1. Kindly indicate which of 31, 71, 78, 14 is loosely packed, with under 10 Cβ neighbours inside 10 Å and part of a helix (DSSP H, G or I).
2. Can you tell me how many residues in segment 17-28 are open to solvent by less than 100 Å² (accessible area, probe 1.4 Å) and either of a type outside the set (A, V, I, L, M) or touching a strand residue (DSSP E or B) at 6+ places or on another chain (Cβ under 8 Å) (or both)?
3. Scanning for something within 13 Å of the chain's Cα centre (by Cα), surrounded by 10 or more Cβ atoms within 10 Å (Cβ to Cβ) and basic (Lys, Arg), does segment 60-68 turn up at least one residue?
Amino acid sequence: MGEPAKHIRPLSETRAIENGANALAEGFLFTVAAALIIGESWRSSQKQSKRRDNVDDQLDTLGTKVTELTTRVTQLETRWEDEMQYEKQRNDELSRILQRIVEIGLRGGWAEFEETPLQIPRIQLNSTPVNKTSQHTPVDAPDTPSSSQADSSFPSSSASSQ
């Protein structure tokens, strides 16, 4: 290209064959090495792609489970709050009933104020059925007032049997 032509010495036939064989061998080795590198890169990328897909699937599964568990916790929380509200109402109702029973009992003479502290009758609760001929009477109870002394708002058993 702008340089004067140099004189090139001719190669001997043996040397040309050796140089050609070396070039072919190096080319073959280079091609095999390049194919191995490209194949390994492709295999590695496929493996990473599979791993990424598996991780994505696991994340989707875990996300679904978290959503289901969140829904379940919300449902249980609502149910628990409803049950707590019901139990609170029931507790309030039972408290009012117990307060009313104590009030009626005090007016009806279940407890006596003669001695200090206030004496409340002990009642034995039997788990066995009671005969129709026997009556429920408090055990170790102080004398109870007669039905004429009882408050009219608390009906006595003798008044109901007449």
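1. Details: 31 fails: loosely packed, with under 10 Cβ neighbours inside 10 Å; 71 fails: loosely packed, with under 10 Cβ neighbours inside 10 Å; 78 fails: loosely packed, with under 10 Cβ neighbours inside 10 Å.
Criteria check complete, one pass: 14.
2. In the first step, residues of segment 17-28 are kept if they are open to solvent by less than 100 Å² (accessible area, probe 1.4 Å); the result is 19-23, 25, 27.
Then drop every residue that is not either of a type outside the set (A, V, I, L, M) or touching a strand residue (DSSP E or B) at 6+ places or on another chain (Cβ under 8 Å) (or both), which leaves 19-20, 22, 27.
So the answer is 4.
3. yes
Results for (1) at pLDDT 95 or above; (2) out of contact with any Gly (no Cβ under 6 Å at 6 or more places or on another chain); (3) basic (Lys, Arg); (4) outside any helix (DSSP H, G or I), shown as yes or no for each residue.
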site	(1), (2), (3), (4)
2	no, yes, no, yes
9	no, yes, yes, yes
20	no, yes, no, no
26	yes, yes, no, no
38	yes, yes, no, no
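The values are calculated or read from the model by the stated rules, or taken from the named source; none is laboratory data. Owing to the predicted nature of the structure, the values given are computational and were not obtained by experimental measurement. A quick note on method: Cβ atoms are made from the backbone with ideal geometry, for glycine too, and the neighbour counts reach across all protein chains shown. Heads up: the accessible areas ignore ligands, DNA and RNA and are worked out on the full protein's heavy atoms, side chains in. Shrake-Rupley method; radii C 1.70, N 1.55, O 1.52, S 1.80 Å.
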